[in-house]
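The values are calculated or read from the model by the stated rules, or taken from the named source; none is laboratory data. Values in this document were obtained by computation on a predicted structure and should not be read as measured data. Quick reminder, even Gly has a Cβ in these numbers, built from the backbone with ideal geometry, and neighbours come from all protein chains shown.
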Amino acid sequence: MKSETHPTWFPECKVFYRGQHVLTVGATVPELNVEVWSGSHPFYTGQKTFIDTAGRVERFQRKFAGDYFKKDGDKKAASPAPAKK
């Protein structure tokens, strides 16, 4: 095994969640900052929390707002039929 090709291994990498030290793991970086970990994840804690870091809920609500769920017959009646040649 070549010694120059592998990254430096930190056996005491500290994991921080909201500024608090929560875990110590082995990694290729000396410190990690995480947004979610097993102590705060709803699956492991049983608590319901709302996590939306990328605005996906708002994008979903905009996409499916209005008449998106109307029946196909309603959509055809609302829009004029294309003229045939």
Q: Exactly one condition in (1) outside any strand (DSSP E or B); (2) at pLDDT 80 or above is not met by Q47; state its number.
A: (2)
(Q) Need pairs with beta-carbon distance below 9 Å; first residue among the acidic types (D, E) and within the range 54-66, second modelled with pLDDT under 80 and not in a helix (DSSP H, G or I); sequence gap 6+ or separate chains. (A) E58/D52
**Q.** Of all residues making up the range 50-68, the number that are modelled with pLDDT of 75 or more, among the aliphatic types (A, V, I, L, M) and within 14 Å of the chain's Cα centre (by Cα)
**A.** 1
Q) Does at least one position in the range 22-44 carry a residue that is hydroxyl-bearing (S, T, Y), at pLDDT below 75 and over 30 Å from W9 (Cα atoms)? A) no
Q. Could you list, in sequence order, the residues of the range 15-44 that are exposed (fewer than 14 other Cβ atoms within 10 Å of the Cβ) and over 19 Å from the mean Cα position of the chain (by Cα)?
A. G19, Q20, H21, T24, V25, G26, T28, V29, P30, E31
Q. Any residue in the range 1-10 that is surrounded by 10 or more Cβ atoms within 10 Å (Cβ to Cβ) and under 25 Å from the mean Cα position of the chain (by Cα)?
A. no
(Q) If I go through the range 1-17 residue by residue, how many of them are under 21 Å from E35 (Cβ atoms) and of a type in the set (K, R)? (A) 1
